[in-house]
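The numbers here are math on the coordinates, done by the rules we state, and not lab data. These numbers were taken from a predicted model, which means no experiment stands behind them. No Cβ is skipped: glycine too gets one built from the backbone with ideal geometry, and neighbour counts run over all protein chains shown.
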Amino acid sequence: MSETAKDRPGRGAGVAFRVAMGLGLLLTLAANVPGQMSLDSIVALTEARTGVRQTWAPAVSSWLLKPFNHVVGGTGLYVTASAALLFFSLMSLTRLRLRSTWLAVALGAAAILTPQILLYQGIVWRDVVFANLTLAGFVLLAHAAKAWGARPPVLPLAGALVCLALAALARQNGLILVVAAAAALAWTARAGGWRASLGWGLGALVATGVLALAINQVATPKETVAKLRPNGASLILEHYDVVGAVAHRPGLKLKEIGKADPRAQAAIEAGAKRLYTPSRIDTLDTDAAFRRTLWHVPDAAMHAQWRRIIIHYPAAYLRHRADVFRWTFLTPDLEACLPVQVGVTGPQAMLDDLNVQTGVDIQDRGLAAYAKRFYGTPVFSHLTWALVAIGLIVWLLRRRDAADVVMAALLVGSLLFTASFAVISVACDYRYLYLLDLAAIAGALYVALDPPRWRRA
């Protein structure tokens, strides 16, 4: 990624852009290290230290924490590495273009000051490392596309493969981004004919899948706490969909559940409207008896009921899913959707065992207050970044340089990833769609470095 031409246009702006990204990394680390941690972060660190699986969240999250915690106890080194991955990827964008503009420098400085970078890069969430790995993978793929020739560049392709495999393990629906990357690689290799193009695309998919399976085998803890059910994650989604359908269609009869447990059928039908909210599944746990009823329904009966609702009551299912996605994507009440995390919070017993600094100090409160200034503005809106992404895709596909197509694939994949939450979302937490915001920001910086000139198709 070294400079290839000393006299390239805008060389000073390119240097300034990289300096700005370097300073942004230092600012982000100064504001956040040793890291902001919520319950999910505490559980991941507990898994990393004990080697005992605590939840059915992807095992790679705690596995990535383990080596950094081993070198320096806690999450400070992990946060540093994760943030560095993002900022170094952004720095390298200048190597993809023949020139750089001062617009990109100004836009880059502004981007660093958004909560999505200044604060989020310090939060120990798998959504953040997933987004960073995905972005790094596509940037490496863009470098490979730019350097494509008789001998495909091995190092950037290998780096992209590793980053995307890890990202797909951190978020299961991250597989969408792997498919988008494979499509971009197939387009890159098109000069060799359709067989070469197909071979590179399918080869990338298979190689990423094999690597992901191998990493997952190594990352998965050998021991699991007794309370975890093997299919717990899928049951959580089914519970939410069944209750949501009943809430949207009063009078809907849960006959499949009733065949196995008539009392459970009556209890769920009676409590659905009272306990359901499209903003998050957590309200179903506020009534202990209702929670126990859901989890005591035989798995086969719950599976059958979920399928019956989708097939025979599609309107109720789709209304529930539309409401949930509206909350996830539009976050009509942002503060109810956990937009930020500051300090270290979690179960006291776990915190004591980990021996980490807890609480919210004055600097953390300052960060929270700073982020709150953006609530209600376009900056803290997935819709804003989706519109930005769509506009960037149009610009990039008009020019269609080698790296342009890869960056456009990142944006398309991020939009499809966002759309997948229409089916799987169980809460409106802002972090779930963090990739969309980050990809749009990176895409805007890439375009600003060397804005496309309109040409006739």
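Things worth noting here:
- Across q = 0.10, 0.12 Å⁻¹, the stretch 95-212 modelled as identical point scatterers on its alpha-carbon atoms has Debye log10 I(q)/I(0) values of -0.36, -0.51, in the order of the q list.
- Span from the the stretch 48-102 Cα centroid across to the the stretch 290-342 one, whole angstrom: 31 Å
- Cα-based Lys pair tally, the chain, threshold under 21 Å, eight or more apart or on separate chains: 4
- Centroid-to-centroid, using Cα positions, the stretch 185-232 and the stretch 125-158 are 15 Å apart.
- Per-residue 3J(HN,Hα) values for the stretch 208-219, derived from phi via the Karplus relation 6.51 cos²θ - 1.76 cosθ + 1.60 with θ = phi - 60°, read 5, x, 5, 5, 5, 4, 5, 5, 5, 4, 6, 6 Hz in sequence order (x marks Gly and Pro).
- Applying a 4.7 Å Cβ-Cβ cutoff to the chain leaves C163 as cysteine residues with no disulfide-compatible partner.
- At 0.692 mPa s and 37 °C, Stokes D of the stretch 298-368 from Kirkwood alpha-carbon radius, µm² per second: 202 µm²/s
- Sum of -39500 (n - 2.57) over DSSP H runs of 4+, divided by residues of the chain (222 nm, nearest 500): -22000 deg cm²/dmol
- Taking the stretch 299-381 and dividing mean pair separation by its residue count, relative contact order in percent (alpha carbons under 8 Å, at least six apart): 24 percent
- Using the Cα coordinates of the chain, the gyration tensor eigenvalues translate into equivalent-ellipsoid semi-axes of 39, 26, 22 Å, sorted from longest to shortest.
- Once C-alpha pairs closer than 8 Å and six or more residues apart are averaged by separation and normalised to the residue number of the chain, the relative contact order reads 22 percent.
- Close amide-amide hydrogen proximity is noted between T224 and R53, each under 5 Å apart and 5 or more residues distant or on a separate chain (H modeled in the peptide plane; Pro and chain starts excluded).
- J(HN,Hα) series, the stretch 22-36, from Karplus relation 6.51 cos²θ - 1.76 cosθ + 1.60, nearest Hz, glycine and proline x: x, 5, x, 4, 5, 5, 5, 5, 4, 6, 10, 4, x, x, 8
- Measuring how big the stretch 232-330 is from its alpha-carbon positions, Rg and Dmax come out at 12.2, 39 Å.
- Using 0.36 nm per residue and subtracting the Cα-Cα separation, the extra length available between A57 and Y375 on full extension is 111.6 nm.
- For the stretch 425-438, backbone phi angles converted through the Karplus equation (6.51, -1.76, 1.60; θ = phi - 60°) give residue-by-residue couplings of 5, 10, 6, 9, 3, 4, 5, 4, 9, 4, 4, 4, 4, 5 Hz, Gly and Pro being listed as x.
- Across the stretch 1-156, the volume of the C-alpha convex hull divided among the residues equals 122 Å³ per residue.
- Under-5 Å amide H pairs with I123, H placed in peptide plane, nonlocal only: Q36
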